[in-house]
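One structure is given here, and the rest of the page talks about it.
The values are calculated or read from the model by the stated rules, or taken from the named source; none is laboratory data. The structure presented is a predicted model; accordingly, all values stated were derived computationally and were not measured. Because the Cβ atoms are built from the backbone with ideal geometry, glycine has one as well, and the counts that use them run over all protein chains shown. Only protein heavy atoms, including side chains, enter the accessible area calculation; ligands, DNA and RNA are left aside. Shrake-Rupley method; radii C 1.70, N 1.55, O 1.52, S 1.80 Å.
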Amino acid sequence: MTAAAFRALLSHWGRNPLQLFTLLAGLALATGLWSGVQAINAEARASYDAAANSIDEGRYDRLVSRDGGPFAQDIYVSLRRAGWQVSPMVTGDLEGVRLVGLDALTAPGGMGPVSLGGDMDIGAFLMGGVQVFANAATAPRLDGVEVLIADDLADGTAVTDIGTAQDLLGQAGLIDSLLVLPDQPGNLPALAQVAPDLTLQAAQGGTDIAGLTDSFHLNLTAFGLLSFAVGIFIVHGAIGLAFEQRRGMVRTLRALGLPLRHLIGLMLAELLVFALIAGMIGVALGYAIAALLLPDVAATLRGLYGADVSGNLQLRPIWWLSGLGIALAGTLIAGGSALWSIAKMPLLAAAQPRALAMAAGRRARWQLIVALTLLSLSAMLAFTADGLVSGFAMLGALLVGAAFALPPVLNAVLAAASARAKSVTAQWFWADSRQQLPGLSLALMALMLAIAANIGVSTMVSSFRLTFTGFLDQRLASELYVTTENATQTDALITYAATRDIGVLPIQSADIQVAGQPTEVFGTRDHATYRDNWQFLQSTPGAWDATFAGQAVVINEQLARRGDLSLGDMVQVGALTLPVAGVYGDYGNPIGQVVLAEAAFAAEFPQVTARQFGLRVSGDVSDFVADLTGATGIGPGQTIDQAGIKAVSLAIFERTFTVTTALNILTLAVAGFAILMSLLTLAAMRLPQLAPAWAMGMTRAKLGRLELLRAVMLAVLTAVLALPLGLALAWVLLAVVNVAAFGWRLPMYLFPLDYARLGGFALLAAVLAAGWPAWRLARTPPGDLLKVFANER
Amino acid sequence: MTLLTVDTLTKAYATADGPFAVLRGVSLTLDAGESLALTGESGSGKSTLLHLIGGLDNADAGRIILQDQDITQMDDAGRAALRRGTVGVVFQQFNLIPSLKIADNIAFQARLAGRYDADWCAALAERMGLTDQLRKYPEQLSGGQQQRVAIARTLAPRPALVLADEPTGNLDEGTAATVMDMMLELVGETAAGLLMVTHSQTLAGRLQRRLHLRAGQVA
Amino acid sequence: MNAKALILCLLPVTASAQGFAGLGTDVDGFSTPAPDPVFDFPADHGPHPDYRIEWWYLTANLEDAEGTPYGLQWTLFRSALAPYDVEGWQSPQLWMGHAAVTTETNHFVAERLARGGIGQAGVTADPFIAWIDDWALEGDWQDMQMRASGADFGYQMDLTANGPLVFHGQDGYSVKSAAGQASYYYSQPFFDISGILQLPDGDIAVTGSAWLDREWSSQPLAENQTGWDWFSLSFDDGAKLMGFRLQQTDGMNYTSATWITAEGETTPYPDGALQVEPLGLNDADVPVRWQLTLPDRGVDVTVAAINDDAWMATSVPYWEGPVTFAGSHQGRGYLEMTGYE
């Protein structure tokens, strides 16, 4: 019984392969986008974990020398013999790879993700065997050492024994820093007593990176969910249609003696089989998407946050499972109502279109109520949201609410148009469009979400770009940046600059904590460059005067927000306590900044010597560099001209949004696909509606043209409605999510030309999607149209 | 030997104007191998009576004893089992499965009932003149051919009772006569009881007995 | 992989073919103990890098002014990856320190690990000092000082020897198996000890007696020996008994004992003279009550732990704690049990 019934159910798909394709493709696309994004997320997270484990610099307090340079290993031994539980570390550059040397016996995290043991010769590792751990991608970059592959290590990082690292880096007997273990014995002697040259640096960093990267992942996840939602709209449509068309078969099967419960079970099993198949295709698709985008993501994260992410993709079971899980869940969501209506359908009553229409009317009312509720919720959150979670909750409520509101709004617009139509054709066109709306509404919702996401994200990106470019012009005001190697070079530079009457601005900073936030404090020379170029978000009158007089400081927006500091609040920098005179925008920088007068900085941080300088060069920069090299011996490699820095900064920034842009285009494509599939599946059902019009004298070509026109008209309406939604989305991203994630708020700019172009793309998608069905309609054999009258179904 | 006993069966439907009694105490009997025509005006309740005997609907009161079993006491699963194996229904609208080929449609109910007999199905197809159509889909067949498929499908599991609801109502006169001949002949051969609803006096006359319903009662 | 796991790699602890803590591994390149040793002091108080494993192992039975008993342990292990030593990180010598204080209700443990060659840990013979980090045992083997600390405890002790060194087995050549595995093994069991225990509840002044073991070898256990039960007992009349039982995978055991008079005269006992039977297990299935019989000396005593839960949850885990005994004789001592993980 089961086999025969199952075969009968499945035979439907054999006769309607397009429906099957829509169903599987929609589900696979949805799953693919979702699991692709999840894969990228999982991979990136795993990479952070590896990086965090292997280096651990951020997680532990550290002892470093006051001048920041390496110090004698004997100091380490003295500290240990005084009871201090510390572990030595050296780091350095080995042929472009960051080499980290650790002592496995004392390091708090051991060798991080590196596994000593197995077949390796631990004796050789510890006894100077020059064995270095690196992942497979990094290994080829290391020459002259025995590389042991450790896949969990971050890209561009190698780990080895501290003794080996000292040899390779040419700093025998020297230590860069000491990690302070969490558990220390009581009665430790004071650090100043044992190692007066060292200073304690509190743990930091790790949490900052986590916060920033989390926001990026949240961003990706939001887009993954959005894409999945678009896909689910398609699946819902396909399943609904398929079930609708099989109502007759369901009745026959039951009349022939198939128990209802059995039938529901079979249909559920059928759905789950599809979900499984589509889920697997989707996961494979997701893998492809992730593999394509991951290098960009890795570059983005490296550039924006300095987090090292491996560009290689590993197939992790967790997102396999999550992909299949979401496919199943999505199918059940999309198919649940269809199954329910089958279960409730009486055996004998014929399918009653009127009753269905009434049910649809009830559903429309429900949708409107849900839409209004969600939109009010998001409006409410607009005033109260202050974190990432509430920000995204607001986004979700806004998008879903708007999607649900679309059909009733479109219906109202079409009704209004219909009422004003003069010609018979126009009347028929509008009325027919209204009739078609329920079948298309899911696809149109998908289209609207895709357009809105596109508008929102492109507004955010473009606003960011505009702000950022302006910011770079301000902040990189000096024409040339020079790094000196020693005090002699520094003196030579200053002397030479004085002869040419060129302003030299030292760039010097120290890491401190301000209001509990890791912060860089800059010692800044009084110069017109700052007064002319830096723009304050808020400032007191004469902010720069007060700052350069050592009476105040200015801070960046991140510090102001995270440390809850506003103008006039006191900030402690070393022994100084100074009021905040201004807050400046500082984009792309994860941590706080304090700008202090040069003299005050020198008094507070005597150990810091400036080695980097901004030079206000007038005239040709490369000529100046040639003269400088001749006069002082400072090589061109020690100089960077401003244009170079700007280009690098912009390149890093551009990559940041490559991924989101790619996802956006994919989402739009999925929405186009939804329209195409909806129109194709509707085409057959629409014959009975079109046949009378044809019979009464409309040509098939005209019918086809009207079909195309209708799709374009609906797409235009949807795009117009998507515009305010997209702008709202952009506002949430810029003013709520950005502040929560990055610590700065971006001014929002509008880009009407971009929107027009996007609208054009949406129209193109609609035309492409509607073109084929319309063409098919125009070529429908008259016999098929006649059948409508001959054969009452 | 009594195949079917219907005893004072009543059935009412809810309408906007209150309950409407379709059957008001109908009784009848049918012996194995016997054929009975149910005639009556539209709305006289003959289709409803057929649906109740076929287990497609629930009676309000009364009993339907088929092969010593009371259908009115069965649950949904029991009635589904009855429809699979014991009773076969030929509908006016054929109710073929559009996505299955003719051969599969003929075999379908027998397969559902677990009584598939390839030789018997082939014989049915041949007797119904469908041998050349077996690889086609229902939509490629004429109405008369589709109804012959439906009849073959009904007879494939060798039901004890065949119920037919205006089986030729959708067919033209000539076709209807051919289809009816084939059906009566085959039903006669399988020794199944036949209960047929028709408004055609001619058709009713070809069956052994006739029962006329008027306003839900045997006239 | 963390440092603990690394040490586990170096000293495979699983009861495998290598015996407990790798002590049964092959000797490749390392020196092996030979019979009839001639010790050279103070040099032999120092390290012997050409042997694979070596320890300076002190245990003490203490009591405070109220007579409450305490146990104390200070141990420095040396483990060599190769039979030589050099300056710098390339040194193959690895060091591990264990310190513990056992009360009737608590057991405090600390562990330190260090590479040789950089000065973080080591032993010099003259002047004698054994150290790892801030832990140290130093002095001239007559008067000595000792200190150690962990996250939640610490101690400083002074020791005074009031008897001679004693040599186990045949003049310090201690055989560990029927197959002939052996170590060099001598002790100073006659230390008087006093000092301060720093416990979470405050400092406690204590006095008592201590027993310092010195042992080195390259393959002290046979391949089929998986652990040992080691006893150091001080009788109330001043005599002392060192005895151990080596557990074998074949179910047989190998025992050895040294009888030490109050004056420090020794009598070694071969396999079988000392009988050792477990009587009761603690919650972790480690036998913390034992029956010891040495018929030749009329010894038949029941040994019981002062605190059953004296487990050393260190890289190489084992049980080590103070005991008392009663029966034919009375007294107190220390018990060490390995191979019960």
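Annotations
- Looking across A:Ala552, A:Ala498, A:Ala528, one residue alone is of a type outside the set (Val, Ile, Thr), without any contact (Cβ under 8 Å) to a residue 40 or more places away in the chain and surrounded by 17 or more Cβ atoms within 10 Å (Cβ to Cβ). It is A:Ala552.
- Among the criteria (1) closer than 24 Å to C:Ala305 by Cβ; (2) among the acidic types (Asp, Glu); (3) in contact with a Phe, Trp or Tyr (Cβ under 9 Å, 6 or more places away or on another chain), the one C:Asp236 does not fulfil is (3).
- Residue within the stretch A:88-95 that is open to solvent by less than 10 Å² (accessible area, probe 1.4 Å), within 20 Å of C:Pro92 (Cα to Cα) and at pLDDT below 80 present: no
- Leading residue by the ranking (farthest from A:Ile512 (Cα to Cα)) among those in the stretch A:578-597 that are open to solvent by 10 Å² or more (accessible area, probe 1.4 Å) and at pLDDT 90 or above: A:Pro579
- Test: residue in the stretch A:153-160 that is more than 14 Å from chain C (Cβ to nearest Cβ), assigned to a loop (DSSP other than H, G, I, E, B) and out of contact with any strand residue (DSSP E or B) (no Cβ under 7 Å at 6 or more places or on another chain): yes
Residues are listed down the side, and each one gets a yes or a no for (1) open to solvent by 10 Å² or more (accessible area, probe 1.4 Å); (2) in a loop (DSSP other than H, G, I, E, B); (3) at pLDDT 85 or above:
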position	(1), (2), (3)
B:Thr175	yes, no, no
B:Leu184	yes, no, yes
B:Glu189	yes, no, yes
B:Leu207	yes, yes, yes
B:Leu213	no, no, yes
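- Every residue from the stretch C:143-160 that is open to solvent by 10 Å² or more (accessible area, probe 1.4 Å) and modelled with pLDDT of 95 or more: C:Asp143, C:Gln145, C:Arg147, C:Gln156, C:Asp158, C:Thr160
- Taking the criterion of being over 25 Å from B:Glu185 (Cβ atoms) and in a helix (DSSP H, G or I), the residues of the stretch B:50-90 that qualify are B:His51, B:Leu52, B:Ile71, B:Thr72, B:Gln73, B:Asp76, B:Ala77, B:Gly78, B:Arg79, B:Ala80, B:Ala81, B:Leu82.
- Long-range neighbours under 8 Å by Cβ, at least six apart or interchain, first residue aromatic (Phe, Trp, Tyr) within the stretch A:376-397, second in a helix (DSSP H, G or I): A:Phe392/A:Leu218; A:Phe392/A:Ala222; A:Phe392/A:Val737
- Hits in the stretch C:311-324 (condition: open to solvent by less than 10 Å² (accessible area, probe 1.4 Å) and at pLDDT 90 or above): C:Trp319, C:Glu320, C:Gly321, C:Pro322, C:Val323
- Matching entry among A:Ala492, A:Ala477, A:Ala510 (being surrounded by 17 or more Cβ atoms within 10 Å (Cβ to Cβ) and assigned to a loop (DSSP other than H, G, I, E, B)): A:Ala477
- Residues being at the interface with chain C (Cβ under 9 Å from one of its Cβ atoms) and at pLDDT 75 or above - total across the stretch A:102-123: 6
- Wholly enclosed strands (runs of 3 or more DSSP E) of the stretch C:200-258 bearing at least 3 residues out of contact with any Leu (no Cβ under 9 Å at 6 or more places or on another chain) and open to solvent by less than 30 Å² (accessible area, probe 1.4 Å): C:202-217
- Just one of the listed residues (A:Leu687, A:Leu729, A:Leu746) is at pLDDT below 80 and buried (at least 19 other Cβ atoms within 10 Å of the Cβ), and it is A:Leu746.
- Residues (open to solvent by less than 10 Å² (accessible area, probe 1.4 Å), within 30 Å of C:Ser31 (Cα to Cα) and of a type outside the set (Ser, Thr, Tyr)) located in the stretch C:52-72: C:Glu54, C:Trp56, C:Leu58
One line per residue, one yes/no per condition, for (1) open to solvent by less than 10 Å² (accessible area, probe 1.4 Å); (2) farther than 23 Å from A:Gly257 by Cβ; (3) of a type outside the set (Gly, Ala, Ser):
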site	(1), (2), (3)
B:Ala113	no, no, no
B:Glu126	no, yes, yes
B:Arg148	no, no, yes
B:Ala152	yes, no, no
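- Residues that are more than 22 Å from C:Glu320 (Cβ to Cβ) and exposed (fewer than 12 other Cβ atoms within 10 Å of the Cβ), drawn from the stretch C:281-298: C:Pro295, C:Gly298
- If you check B:Thr29, B:Thr72 for being open to solvent by 50 Å² or more (accessible area, probe 1.4 Å), hydroxyl-bearing (Ser, Thr, Tyr) and more than 12 Å from every other protein chain (Cβ to nearest Cβ), only one passes: B:Thr29.
- For the stretch A:14-26, a tally of residues being under 30 Å from B:Asp117 (Cα atoms) and without any contact (Cβ under 8 Å) to a residue 12 or more places away in the chain returns 2.
- Residue check, A:Thr467 open to solvent by less than 20 Å² (accessible area, probe 1.4 Å) and touching a residue at least 12 places away in the same chain (Cβ under 8 Å): yes
- Criterion: modelled with pLDDT under 85 and either outside the structural domain of A:Pro196 (by TED's automatic domain parsing) or not in a loop (DSSP other than H, G, I, E, B) (or both) - qualifying residue of A:Thr547, A:Thr629: A:Thr629
- Checking each residue in the stretch B:188-219 for being β-branched (Val, Ile, Thr) and more than 15 Å from the chain's Cα centre (by Cα) picks out B:Thr202, B:Val218.
- Per the listing A:Ala402, A:Ala415, the residue uniquely surrounded by 15 or more Cβ atoms within 10 Å (Cβ to Cβ) and in contact with a helix residue (DSSP H, G or I) (Cβ under 7 Å, 6 or more places away or on another chain) is A:Ala402.
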